[in-house]
Amino acid sequence: MEPKINLAARVKQIKPSPTLAVNAKAKALKAAGADILNFSVGEPDFDTPDHVRAAGKAAIDDGFTRYTAVPGIPELREAIARRFAEDHGWQYTPEQIQVSCGGKHGLYNMAQALFGPGDEVLVLAPYWVSYPDIIQLAGATPVIVPLTEEKDFDLEIEVLVKYVTDKTRGIIINSPSNPTGSVFSREALEAIGKLALEHNWVIITDDIYDTITYNDGKLPHILDVNPALIDQTLVLNGVSKSFAMTGWRIGYTAGPQHIISAMNKIQSQSTSNPSSIAQKAALAAVSGPQDFPTVMKEAFEPRLDYILNALAAIEGVTCVKPSGAFYVFPNISAYYGRTFNGKKIEGSLDMADYLLNEYKIAAVPGVAFGADRFIRFSFATSMDVIEDGMKRFAEALGRLE
Ligand SMILES: *Cc1c(COP(=O)(O)O)cnc(C)c1O
């Protein structure tokens, strides 16, 4: 029967987050008793550090449980400004910072504040699953620019320029990237910056993984490469990944005053403010010791080595070595066209289904990130799961005819 009430057109344009969907399916199968190896998770397998949890508890006990200022409590915005100054030398006032209900919501506020019908925003693929949909929810058009495995998913500026039109309003960059773990080279960032200055684009730089990197030396950042971009750049970060705080829902954005003020207007009419309790916990994270991401990174490193070796041993599979984050994004397309029980594996969705149904491995199909030849494994899981999972994965591929 047709439902009585019609939905708004915008809902039909977007899809539910595929990563959250795979994770939900894996959890449901596990709850039903299946021996699932879950590689779909997009969050650290660590507990929030003790001092951060204690700050959250203290906030409750102290009765810090009311509405806060729309952009977040001043002491948190001050601490974030100090963090940016210490880490990069960037001078933001607390008024130039908005705290939101997670990094994802910061992106949502930005898109609502900046983009509308007729606007195009450049999104580099493989992209984080939410970028295109958040842009579409603002009525604007995501324009997908392909990055290639051959270039380690670095940006090729001669490819990018083919997608630029007089409607291009901005670009989203994510370095280290989810799902590839790749970082942009200084040259690529310089080239993006040059175009942005020339065409007055807004640059949205999603730095959520910037504390989890496997390369020596400082990560190139577009604002460090070209400080002149400060008046047209929005810096997105948060505590979800760096302090294992995904459930607390705290992200933050720094940028030009008029854009942050517009984002605050949107926030005031939607969520009012992020949770008061979570803000106190985030304050402890941002202003306290900064060694926690390193502790996680040291746990991730041997897992990454193991996975890369295991993948390299599988015929036909290739994988760019990630420079950061906690994902590998192998190319499995050599196995497309092969069959299992007469059923052909046509792409990453079929492969993810096959792995989950036949081998109880949950991984996210590359098509969710705009790259169908790949599949994403998160290594924010135990070494036991990784060893077992890589064995099953090799077996699964070997069995295809
Ligand atoms: C996890 C993630 C975010 C932010 O997540 P929140 O939980 O909303 O803070 C932003 N960008 C990327 C690429 C991510 O993977």
Original post:
Are any residues in region 281-308 of a type in the set (D, E, K, R) and either crowded, with 16+ Cβ neighbours inside 10 Å or touching a residue at least 40 places away in the same chain (Cβ under 8 Å) (or both), and if so, which ones?
Top reply: 297, 301, 303
Original post:
Which one of the conditions (1) away from the ligand (no atom under 15 Å from the Cβ); (2) at negative phi does residue 89 fail to meet, given that it meets all the rest?
Top reply: (2)
**OP:** For region 95-108, indicate whether the set of residues that are surrounded by fewer than 18 Cβ atoms within 10 Å (Cβ to Cβ), assigned by TED's automatic domain parsing to the domain that holds residue 263, over 11 Å from residue 252 (Cβ atoms) and without any contact (Cβ under 8 Å) to a residue 24 or more places away in the chain is non-empty.
**Re:** no
Original post:
Within region 123-146, which residues are within 16 Å of the ligand (Cβ to nearest atom) and either under 14 Å from residue 189 (Cα atoms) or of a type in the set (S, T, N, Q) (or both)?
Top reply: 124, 130
Subject >> Scope region 46-56; condition surrounded by fewer than 18 Cβ atoms within 10 Å (Cβ to Cβ) and touching a residue at least 60 places away in the same chain (Cβ under 8 Å); matching residues >> reply: 46, 47, 51, 53, 54
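Results for (1) away from the ligand (no atom under 16 Å from the Cβ); (2) more than 21 Å from residue 288 (Cα to Cα); (3) outside any loop (DSSP other than H, G, I, E, B); (4) not assigned by TED's automatic domain parsing to the domain that holds residue 274, shown as yes or no for each residue.
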site: 20; (1), (2), (3), (4): no, yes, yes, yes
site: 42; (1), (2), (3), (4): no, yes, no, yes
site: 55; (1), (2), (3), (4): yes, no, yes, yes
site: 59; (1), (2), (3), (4): yes, no, yes, yes
site: 69; (1), (2), (3), (4): yes, yes, no, no
site: 75; (1), (2), (3), (4): yes, no, yes, no
Original post:
Got at least one residue in region 245-256 being more than 13 Å from the ligand (Cβ to nearest atom) and over 20 Å from the mean Cα position of the chain (by Cα)?
Top reply: yes
Subject >> Where residue 346 falls short, out of the listed (1) under 22 Å from residue 18 (Cβ atoms); (2) surrounded by 13 or more Cβ atoms within 10 Å (Cβ to Cβ) >> reply: (2)
Subject >> Of the criteria (1) buried (at least 20 other Cβ atoms within 10 Å of the Cβ); (2) at pLDDT 95 or above; (3) under 22 Å from residue 287 (Cβ atoms), which one residue 75 fails >> reply: (1)
**OP:** Check whether at least one residue in region 220-234 is under 21 Å from residue 322 (Cα atoms), out of contact with any Lys or Arg (no Cβ under 7 Å at 6 or more places or on another chain) and more than 14 Å from the ligand (Cβ to nearest atom), and report yes or no.
**Re:** yes
Subject >> Scan of region 179-216 for residues that are touching a strand residue (DSSP E or B) at 6+ places or on another chain (Cβ under 7 Å) and among the hydrophobic types (A, V, I, L, M, F, W, C), ordered by number >> reply: 183, 184, 192, 196, 201, 202, 203, 204, 208, 212
**OP:** Please tell me if residue 237 is over 21 Å from the mean Cα position of the chain (by Cα), in the same structural domain as residue 92 (by TED's automatic domain parsing) and closer than 22 Å to residue 137 by Cβ.
**Re:** no
**OP:** Return the residue satisfying two criteria in turn: it lies in region 335-360 and is assigned to a loop (DSSP other than H, G, I, E, B), touching a residue at least 24 places away in the same chain (Cβ under 8 Å) and not aliphatic (A, V, I, L, M), and of such residues it is farthest from residue 386 (Cα to Cα).
**Re:** 338
Original post:
If only one of 242, 275 is touching a Phe, Trp or Tyr at 6+ places or on another chain (Cβ under 8 Å), without any contact (Cβ under 8 Å) to a residue 60 or more places away in the chain and either within 15 Å of the ligand (Cβ to nearest atom) or outside the structural domain of residue 378 (by TED's automatic domain parsing) (or both), which one is it?
Top reply: 242
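The values are calculated or read from the model by the stated rules, or taken from the named source; none is laboratory data. Predicted model only: the values in this text are computed from it and were never measured. Reconstructed Cβ throughout: ideal geometry from the backbone, glycine too, with neighbour counts over all protein chains shown.
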